[in-house]
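Enquirer: The structure is given below, and queries will be raised subsequently.
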Amino acid sequence: MAIGEYKPGLEGVPATQSNISYVDGQVGLLEYRGIRIEDLCKHSNFLETSYLLIFGELPKATQLEEFEHDLTHRRRIKYRIRDMIKSFPDNAHPMDALQTSVAALGMFYPLGNFHDAEYIYQATVRLLAKVPTMVAAFHMMRQGNDPVMPRDDLDYASNFLYMLNEKVPDPLAARIFDVCLTLHAEHTVNASTFAALVTASTLTDPYAVMTSAIGTLAGPLHGGANEQVMMMLEEIGSVDNVTAYLERKIERKEKLMGFGHRIYKVKDPRAIVLQDLVHKMFDEFGHDPYYDIALELEKQAYEKLANKGIHPNVDFYSGLVYKKLGIPSNLFTTIFAIARVPGWLAHWKEQLSDNRLFRPTQVYTGLHDVTYKPINER
Ligand code: CMC
């Protein structure tokens, strides 16, 4: 068989066939199951969108009711998982804590039959329900507090914010947070979804699939960028410092966090929705001066980098929304993970429906026929 051309980072190489989501990076279009993300953010909510992604169509009222009910009643985590989380170092990164917790969750639920729709459904509901609880539990326990028990009377977004702050959130804040989750729920074959697909293709259990994906999302070139953006804005410190900061970055050929995308060559449509949410947050809860820095950086970066197709991506404005919601910056990437669970699950399910083990080739650049040298001759 002829060896194909090597593409670093698999740029432009189709790794799968999928009908879950679609991106047109030239015009800034993102659709989930054919529905534009802007419409879902306006009319749907995170759980309905999760159902759409995982099961392929918008649920009927009874289906959504059952899905929400099943999810709401599976939010609690076993005390053994809680005890394990309690033993994590206080300064552990929350993404590491989440990855470990999800891996541990898998030990409690034996591998089932992938042809059994009920097994898929139960694993799906369990992961969607418990991931936010594990994130919030670690956050509480690293501060020396008991975890806050989930509340069945609160919706998904409100319950997470409640478990994080032990305070029922303002309904507008909860709605805005829910839109953030919807916006991050799925994004074709990005790095973490690809990791999930590769892991799923070995027919291992869904907790291992999620663990791979979470570990991959954590990196600063992927989901970890949202935390890095806040650090960058803090480092810039004031609007007056933007020009010098940008010039320094460009001179040193360093990346601006929250800018650039392999697929989008225009401003990421999710960044546009997020910026609108920033405005809504500020109108209601007060301005954040870091936004002025972000705006100035976007303006000046446009003049210098737009010709290369580098524009703000989803991670540029999300942190400003989360900060206003009272979420500490080292939890930002875990919010991305919570939101991306339905996307990963949808791809897991799709992979299982027509599975073939991922086993690509490589272009070997090493030596051949090398003589083994005894240790005293090296
Ligand atoms: N700031 C400055 N220059 C950039 C940036 C950036 N953020 N991103 C790309 N470039 C330049 C890069 O220096 C290179 O220039 P040249 O051709 O002159 O050497 C050119 O654009 C191509 O860069 P690349 O790294 O080969 O492009 P890529 O498609 O591999 O990178 C990326 C995509 C997201 C890894 C990259 O844009 C990046 O590192 N951005 C910063 C991190 C970030 O915000 N990540 C979140 C991505 S969106 C959410 C998600 O998927 O998690």
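Enquirer: How high is the FRET efficiency from Asp146 to Phe285, r the C-beta distance, R0 22 Å, rounded to 0.05?
Expert: Efficiency, rounded to the nearest 0.05: 0.20.
Enquirer: Same structure, new question: Rounded to the nearest Å, what's the spacing between the alpha carbon centres of the stretch 99-149 and the stretch 279-324? Just the number, please.
Expert: 33 Å
Enquirer: A further question on this structure: Net charge within 14 Å of Thr182 by Cβ-Cβ distance, Lys/Arg positive one each and Asp/Glu negative one each, not counting Thr182 itself?
Expert: Spelling it out: positives minus negatives among the neighbours equals -2.
Enquirer: Find how much the distance from Thr243 to Ala117 grows on full extension, using 0.36 nm per residue of separation minus their present alpha carbon separation; answer in nm with one decimal.
Expert: Full extension of this stretch gives 39.8 nm more.
Enquirer: Go ahead and collect, in residue order, the members of the stretch 343-364 whose backbone nitrogen is under 19 Å from a label point 7 Å along the Cα-Cβ direction of Tyr6.
Expert: Answer for the stretch 343-364: 359-364.
Enquirer: Once phi is turned into ³J(HN,Hα) by the Karplus curve 6.51 cos²θ - 1.76 cosθ + 1.60 with θ = phi - 60°, what whole-Hz value does each residue of the stretch 5-19 show in order, with x for glycine and proline?
Expert: 5, 6, 10, x, x, 6, 4, x, 8, x, 9, 7, 10, 8, 10
Enquirer: Let me ask you something else. Computing the accessible area with a 1.4 Å probe over protein heavy atoms, can you report the carbon and sulfur percentage for the stretch 177-293?
Expert: 54 percent
Enquirer: With θ set to phi - 60°, apply the Karplus curve 6.51 cos²θ - 1.76 cosθ + 1.60 along the stretch 217-228 and write out the HN-Hα couplings as whole Hz, x wherever there is a Gly or Pro.
Expert: In residue order, the calculated couplings are 5, 5, x, x, 7, 10, x, x, 5, 5, 5, 5 Hz.
Enquirer: Along its principal axes, what span do the Cα atoms of the stretch 169-306 show, with the longest given first and each in whole Å?
Expert: For the stretch 169-306, the Cα extents along the three principal axes come out at 54, 43, 25 Å.
Enquirer: At 1.4 Å probe size, with every protein chain present, just tell me what the per residue accessible area of the stretch 20-174 comes to in Å².
Expert: Here the residues of the stretch 20-174 average 48 Å² of exposed surface.
Enquirer: Amide H of Leu29 versus every other amide H placed in the peptide plane: which residues, excluding those fewer than 5 positions away on the same chain, fall under 5 Å?
Expert: Result for Leu29 returns Asp24.
Enquirer: Mean residue ellipticity at 222 nm from the helices of the chain, using -39,500 (n - 2.57) per DSSP H segment of n ≥ 4 over the full residue count, to the nearest 500 deg cm²/dmol?
Expert: So the calculated ellipticity at 222 nm is -17500 deg cm²/dmol.
Enquirer: If you average over every viewing direction, what projected area does the convex hull of the Cα atoms of the chain give, in nm²? Show your work: numbers first, answer last.
Expert: Working: hull surface 95.6 nm².
With the hull built on Cα positions only, its mean projection is 23.9 nm².
Enquirer: Another question, if that's okay. Rounded to whole Hz and in sequence order, give me ³J(HN,Hα) for the stretch 144-161 from the Karplus expression 6.51 cos²θ - 1.76 cosθ + 1.60, θ = phi - 60°, writing x for Gly and Pro.
Expert: With the stated coefficients, the stretch 144-161 comes to x, 9, 5, x, 8, 5, x, 10, 5, 7, 9, 6, 3, 5, 4, 5, 5, 5 Hz.
Enquirer: Work from the charge dipole of the stretch 270-378 (Cβ charges, +1 for Lys and Arg, -1 for Asp and Glu, about the Cα centre) and give the residue of Ala306, Phe336, Leu357 farthest towards its positive end.
Expert: Result: Leu357.
Enquirer: Between Lys255 and Lys42, 0.36 nm times their residue separation minus their Cα-Cα distance comes to what? Intermediate results must be reported in sequence, preceding the final value.
Expert: Details: separation 213, 0.36 × 213 = 76.68 nm, distance 3.25 nm.
Here the segment from Lys255 to Lys42 would lengthen by 73.4 nm.
The values are calculated or read from the model by the stated rules, or taken from the named source; none is laboratory data. On a predicted model such as this, the values are computed, not experimentally measured, just so you know. Cβ coordinates were reconstructed from backbone atoms using ideal geometry, including for glycine residues, and neighbour counts include every protein chain displayed. Areas reflect the complete protein model, heavy atoms only, side chains present, ligands, DNA and RNA absent. Shrake-Rupley method; radii C 1.70, N 1.55, O 1.52, S 1.80 Å.
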